[in-house]
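The values are calculated or read from the model by the stated rules, or taken from the named source; none is laboratory data. Everything numeric here is computed off the predicted structure, so don't read it as measured data. Ideal geometry is used to build each Cβ from the backbone, glycine not excepted, and the neighbour counts take in all protein chains shown. To get the accessible areas, we keep the full protein, side chains included, count just its heavy atoms, and leave off ligands, DNA and RNA. Shrake-Rupley method; radii C 1.70, N 1.55, O 1.52, S 1.80 Å.
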Amino acid sequence: MAPSLIIITVILWVCTLLAVSAEYTRPLPRQTLSILDEDSDPSAPQQVHISVVGLDKMRVTWITKADTPSIVHYGTESGVYTSSNTGSSERYSYLLIYKSGYIHDVVIGPLQPNNLYYYRCGDSNSFQELSFNTPPDQLPINLAVIGDLGQTGWTTTTLQHIESWDHDMLILPGDLSYADYIQPLWDSFGRLVEPLASKRPWMVTEGNHEVEKMPFKSSFEAYNARWKMPFEESGSNSNLYYSFDTAGGAVHVIMLGSYAEYKPGSDQHTWLVSDLNKINRKTTPWVFAIIHAPWYNTNTAHQREGDYMRYAMESLLYKARVDVVFSGHVHAYERFDRVYDNQVDQCGAVHITIGDGGNKEGLAKSYEEPKSNISLFREASFGHGRLEVMNATHAHWSWNRNDDDVAVISDSVWLVSLSSQENQACC
Ligand SMILES: [Fe+2]
């Protein structure tokens, strides 16, 4: 063999070795965790989580095994509760085999923005003191976004990564517990997420795993009872779709329901038209929409499942110049260009699928080839998203892959609001 040929062969061999060693090995699914109820006191609050109500109030939700008062004591100094408010509790049953604990619902406030509050659920001094931070009343604001969370070892990793980031709120585009009719798994999920969900507001919408069909009952009985969102405040008559403002009204988030009626003439469609009409882009430079089943998707999993909803609603979001549409459902990450009606359109929304929270079903690894030109980045790995809305014109999005147990930024992009002068053609 000629010396030059030997050198070329060695170089090719080294390159191949480097390429192989640099390749990321996709992790396998992890087992469903079962977070046991270790509290022997039936009055003790558990599964505490919070969600925003308007710009200056917070809903506190928790569960007790015993029928106890629905009261929250709170204040800005640890152990000194200068205010309190009462609410109500409800239970639900599943067939003859399960009856939920008392699910308490108390709205507290008005609260100061960007402030640390200490609070205690229930009426006993022996119950644990918790704390949360209220969101700011102006930009910047940091939003964690993650779908299809489940309750596995990967979920734990994702939650640890999110907790290590100084975020103001978590947005979840559906598929929470993967209880799938096994009601105690809803309780287990509540206990798993409490350390994070009791500190920052969690704003969620439903996925297909929230659908639990039961004779003569709502298919969302468990979800609606446990994860009540501020739908009434946004003029919606269903917990399955609603909207809210944050950062003093600079950000409007529309939580749509992929599993509620969405066609023209439906309650959801009528509500969406009305909600979009109320937005003033001079005071609200950012508008985000959240769905579960993606409207754009080049993964072979769940192909075209979001099409009918897209046909019904995409033109409404386009006319309102919604900046980003986040979805879940597909257990992978994908970021699209600005699109409308399947074409690149600089006045359309950026579509991002972030259904890779860590659920028991594992990753969706197969993609359509060749890749569509509207898909800019796609990868089947567990991870979470960070949306830093910096000011009225610019936001930074990054996707943080769970590279084994370490978070690594694997995709990032600067977003410019469709209401800004830079996008004058869209105004
Ligand atoms: Fe799903």
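Remarks
- Strands (runs of 3 or more DSSP E) lying entirely in the range 69-143 (those with 2 or more residues that are without any contact (Cβ under 8 Å) to a residue 40 or more places away in the chain and open to solvent by 20 Å² or more (accessible area, probe 1.4 Å)): 83-86, 88-90
- Test: residue in the range 298-306 that is on the phi > 0 side of the Ramachandran plot, touching a Leu at 6+ places or on another chain (Cβ under 8 Å), assigned by TED's automatic domain parsing to the domain that holds Gly248 and surrounded by fewer than 23 Cβ atoms within 10 Å (Cβ to Cβ): no
- Selection status of Val273, over 23 Å from Pro136 (Cα atoms), within 16 Å of the ligand (Cβ to nearest atom) and in contact (Cβ under 8 Å) with a residue 24 or more places away in the chain: no
- The number of residues in the range 297-324 being closer than 18 Å to Arg378 by Cβ, of a type outside the set (Lys, Arg) and within 16 Å of the ligand (Cβ to nearest atom) comes to 8.
- Residues in the range 317-340 that are within 14 Å of Gly306 (Cβ to Cβ) and surrounded by fewer than 24 Cβ atoms within 10 Å (Cβ to Cβ): 2 in all.
- Ser177 being in the same structural domain as Phe288 (by TED's automatic domain parsing) and either within 16 Å of the ligand (Cβ to nearest atom) or open to solvent by less than 20 Å² (accessible area, probe 1.4 Å) (or both): yes
- Scanning the range 351-386 for residues that are open to solvent by 10 Å² or more (accessible area, probe 1.4 Å) and either touching a Leu at 6+ places or on another chain (Cβ under 7 Å) or not assigned by TED's automatic domain parsing to the domain that holds Gly306 (or both) gives no hits.
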